[in-house]
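**Q** Once you've had a glance at the structure underneath, I'll fire off some questions.
The values are calculated or read from the model by the stated rules, or taken from the named source; none is laboratory data. Just so it is clear, the model here is predicted, and its values are computed rather than measured. No Cβ is skipped: glycine too gets one built from the backbone with ideal geometry, and neighbour counts run over all protein chains shown.
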Amino acid sequence: GQQLNQSPQSMFIQEGEDVSMNCTSSSIFNTWLWYKQDPGEGPVLLIALYKAGELTSNGRLTAQFGITRKDSFLNISASIPSDVGIYFCAGRQTSTSGSRLTFGEGTQLTVNP
Amino acid sequence: GAVVSQHPSWVICKSGTSVKIECRSLDFQATTMFWYRQFPKQSLMLMATSNEGSKATYEQGVEKDKFLINHASLTLSTLTVTSAHPEDSSFYICSARDPRLAGRNEQFFGPGTRLTVL
């Protein structure tokens, strides 16, 4: 099946620092999505990317859809304590049988005040 | 908008019993719902995709007779874990999608249900 390699696996940073994480794959995706999951909760969509090369921001978050359509990155600027959580990338492929999301393994972010 | 709820939030049951988990789209009609399971510190693994009014499509390795999915209406899907065993203990998350909504072609996730089988 499809695999998404997400890195880093975890990060420990100081409040105010910037954060960058990325996902890569050997497969091409039509859509890249970034989610945040808090403990005991479902994932919440942060940013959706639909075109190769697209760069989209949502507040302090910026994500890009790689030109090759095989990768994406998420940046968080000026981190704050509430940014703590697990961030998942997800790639979507659409075919005649429907669409399917494949999730990365997640990046655990810890922000020290 | 695009709120998805799950019930119950958590459930503890004895081995051998069946457990039903509900997933509801509260403010939109979900033509497609997805069921995932997530083990601690791991990613979400898709179990099955269900389209309203038709049989669910299960991922390879997921027992359809053990994980019964019913998507009888545009706002409700249920997952029944039959004859649950301790290895079925997990965090089950549903998501819902309505591709007919312009600009809302994404999956919106429920808050999850924590199942513990003793």
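**Q** Can you spot a residue in segment B:27-40 that is of a type in the set (Lys, Arg) and not in a strand (DSSP E or B)?
**A** At the first step, the residues of segment B:27-40 found to be of a type in the set (Lys, Arg) are B:37.
Of the ones still in play, those that are also not in a strand (DSSP E or B) are none.
The answer is no; no qualifying residue exists.
**Q** Only one of A:Ala63, A:Ala90 is among the small types (Gly, Ala, Ser), touching a strand residue (DSSP E or B) at 6+ places or on another chain (Cβ under 6 Å) and under 28 Å from B:Gln60 (Cβ atoms); which? Talk me through it step by step, then tell me what you get.
**A** Working: A:Ala63 fails: under 28 Å from B:Gln60 (Cβ atoms).
The unique qualifying residue is A:Ala90.
**Q** Give me the residue from segment B:41-67 that is within 11 Å of chain A (Cβ to nearest Cβ) and part of a loop (DSSP other than H, G, I, E, B) and, out of that set, surrounded by the most Cβ atoms within 10 Å (Cβ to Cβ).
**A** So, considering only residues that are within 11 Å of chain A (Cβ to nearest Cβ) and part of a loop (DSSP other than H, G, I, E, B), the one surrounded by the most Cβ atoms within 10 Å (Cβ to Cβ) is B:Ser43.
**Q** Related question: With (1) closer than 27 Å to A:Trp34 by Cβ; (2) free of Cβ contacts under 8 Å to residues at least 24 places away in the same chain; (3) not in a strand (DSSP E or B) as the list, and B:Pro99 as the residue in question, which single condition is left unmet?
**A** All conditions are met except number (2).
**Q** Given the residues B:Thr113, B:Thr17, B:Thr82, which is the only one that is over 30 Å from A:Tyr50 (Cβ atoms) and within 12 Å of the chain's Cα centre (by Cα)?
**A** Working: B:Thr17 fails: within 12 Å of the chain's Cα centre (by Cα); B:Thr82 fails: within 12 Å of the chain's Cα centre (by Cα).
Residue meeting the stated conditions: B:Thr113.
**Q** Would you mention how many residues in segment B:102-118 are at the interface with chain A (Cβ under 8 Å from one of its Cβ atoms), in a strand (DSSP E or B) and modelled with pLDDT of 95 or more? Spell out how you get there, then give the answer.
**A** So the first thing to find is which residues in segment B:102-118 are at the interface with chain A (Cβ under 8 Å from one of its Cβ atoms), and the list is B:106-112, B:114.
Among the residues that remain, those that are also in a strand (DSSP E or B) are: B:108-109, B:114.
If we keep only those that are modelled with pLDDT of 95 or more as well, we get B:114.
Within segment B:102-118, residues that are at the interface with chain A (Cβ under 8 Å from one of its Cβ atoms), in a strand (DSSP E or B) and modelled with pLDDT of 95 or more number 1.
**Q** Residues A:Val111, A:Val84: which one is aliphatic (A, V, I, L, M), touching a residue at least 60 places away in the same chain (Cβ under 8 Å) and on the phi < 0 side of the Ramachandran plot?
**A** Working: A:Val84 fails: touching a residue at least 60 places away in the same chain (Cβ under 8 Å).
Residue meeting the stated conditions: A:Val111.
**Q** Tell me, please, whether a residue that is within 10 Å of chain A (Cβ to nearest Cβ), modelled with pLDDT under 95, buried (at least 19 other Cβ atoms within 10 Å of the Cβ) and out of contact with any Pro (no Cβ under 9 Å at 6 or more places or on another chain) can be found in segment B:68-90.
**A** So in segment B:68-90, the residues within 10 Å of chain A (Cβ to nearest Cβ) come out as none.
Checking segment B:68-90: not a single residue is within 10 Å of chain A (Cβ to nearest Cβ), modelled with pLDDT under 95, buried (at least 19 other Cβ atoms within 10 Å of the Cβ) and out of contact with any Pro (no Cβ under 9 Å at 6 or more places or on another chain).
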